[in-house]
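Worksheet for the structure shown next.
The values are calculated or read from the model by the stated rules, or taken from the named source; none is laboratory data. All figures in this text were calculated on a predicted structure; none of them were measured in a lab. We place every Cβ from the backbone using ideal geometry, glycine too, and count neighbours over all the protein chains shown.
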Amino acid sequence: MNMDFIRKLPIPKEIKEQYPINDELSAVKAERDKEIKKIFSGESNKFLLIIGPCSADSEDSVLDYISRLRGVQEKVKDKIVIVPRIYTGKPRTTGDGYKGMLHQPNPNEKPDLIKGIIAIRELHMRALRETGFSCADEMLYPENHRYLNDLLSYVAVGARSVEDQQHRLTASGLDIPVGMKNPTSGDISVMMNSITAAQHAHAFIYRGWEVKSQGNPYTHAILRGYVDERGNSFPNYHYEDLLRLSETYAEKDLKNKAVIIDTNHANSGKKYLEQIRIAKEILHSCRHNADIKKIVKGLMIESYIEDGCQKIGDGIYGKSITDPCLGWEKSERLIYDLAEQL
């Protein structure tokens, strides 16, 4: 094989034994899981807001950001449930560039996977312990999920992974909501097939084990826009797009029919300030049509302390080193505006 085997990594059980969470924190996460699931099942009318940096790049600034969200959550808790994004793996279209804290716990240093595994677990643990937030992460590598499964309350499967069989089967064995993004091509039938697969039970191989999943009834759609063959971005958050998804769901024998709208990526054309307008337009569509309101459970927003993005090495505290994000002041104002409109 054309690869070097550097070292064997600890299995998730070993990492969890070295970096355990106590019963109190487990109970906090369990209550959070229940509250979030009730949004997808329709038992709760609260709105889900999955918000945070494009990618977690610094423990200090990410925790600073999440601590700020804690204060906002208390003010909007009657209407909105906030799930911070701590995305520790970053998919790369060409494979080049910063791949996230899992690979590089320090973006200015070389990749170190064992340090990365420990760093992402400690970050999620600190978020839960210091703020009471169990967070969201992207399931970039299905076999890695168990390093964090006792800490996460939401998982997203990205546009480049949604067709992958192992992602679908692993999602079917999770007991938290999993969002399936539409592929970069925009073909929602691919996304719907992925949701169907993940809601069903399966027998498969996982981490060297023969396993049987029970199916995940909280698997749902994420609309993130799409890109045509010429690389042009097109949105799929408009009224007509949401109505089409509602009609598509109506034809399917699925549980807990739901969608989260990603306000950035191709939906905004990566023009991060557009997220404010997009979020408000989606709420307008919900007010206009009961069928749309029934399936739209929340938004996914890319937000950090400072507006925009920077290059690795620029050293601006709380500014994204991947996709541009909405800064804190605008994000805080947006959350309050959304709460007023709900």
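Filter the stretch 261-280 for residues that are outside any helix (DSSP H, G or I) and not aliphatic (A, V, I, L, M) and give the result.
ASP262, THR263, ASN264, SER268, GLY269, LYS270, LYS271, TYR272
Yes/no matrix, rows are residues, columns are (1) among the charged types (D, E, K, R); (2) under 19 Å from the mean Cα position of the chain (by Cα):
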| residue | (1), (2) |
| --- | --- |
| GLN214 | no, no |
| SER233 | no, no |
| ASP253 | yes, no |
| ILE260 | no, yes |
| ILE276 | no, yes |
| ALA279 | no, yes |
| MET300 | no, yes |
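What strands (runs of 3 or more DSSP E) completely inside the stretch 176-260 contain at least 3 residues that are on the phi < 0 side of the Ramachandran plot and surrounded by fewer than 16 Cβ atoms within 10 Å (Cβ to Cβ)?
209-212
Among the numbered conditions (1) within 15 Å of the chain's Cα centre (by Cα); (2) part of a loop (DSSP other than H, G, I, E, B), tell me where TYR154 comes up short.
Answer for TYR154: the failing condition is (2).
I'd like to know if the stretch 119-138 contains one or more residues that are part of a loop (DSSP other than H, G, I, E, B), touching a Phe, Trp or Tyr at 6+ places or on another chain (Cβ under 9 Å), at pLDDT 95 or above and more than 18 Å from LYS29 (Cβ to Cβ).
no
Within the stretch 245-262, can one find any residue that is of a type in the set (Gly, Ala, Ser), within 30 Å of ILE321 (Cβ to Cβ) and at pLDDT 95 or above?
No: zero hits.
Can you name the number of the only condition in (1) over 17 Å from PRO324 (Cα atoms); (2) part of a loop (DSSP other than H, G, I, E, B); (3) among the β-branched types (Val, Ile, Thr); (4) under 15 Å from the mean Cα position of the chain (by Cα) that THR88 fails?
(1)
May I ask you to verify whether LEU152 is on the phi < 0 side of the Ramachandran plot, in contact with a Phe, Trp or Tyr (Cβ under 9 Å, 6 or more places away or on another chain) and in contact (Cβ under 8 Å) with a residue 12 or more places away in the chain?
no
Is there a residue being charged (D, E, K, R), in contact with an Asp or Glu (Cβ under 8 Å, 6 or more places away or on another chain) and within 20 Å of LEU334 (Cβ to Cβ) anywhere in the stretch 258-269?
Taking every residue of the stretch 258-269 in turn, none turns out to be charged (D, E, K, R), in contact with an Asp or Glu (Cβ under 8 Å, 6 or more places away or on another chain) and within 20 Å of LEU334 (Cβ to Cβ).
Look at the stretch 281-328 and say how many of its residues are assigned to a helix (DSSP H, G or I) and within 19 Å of LEU63 (Cβ to Cβ).
The qualifying residues number 1.
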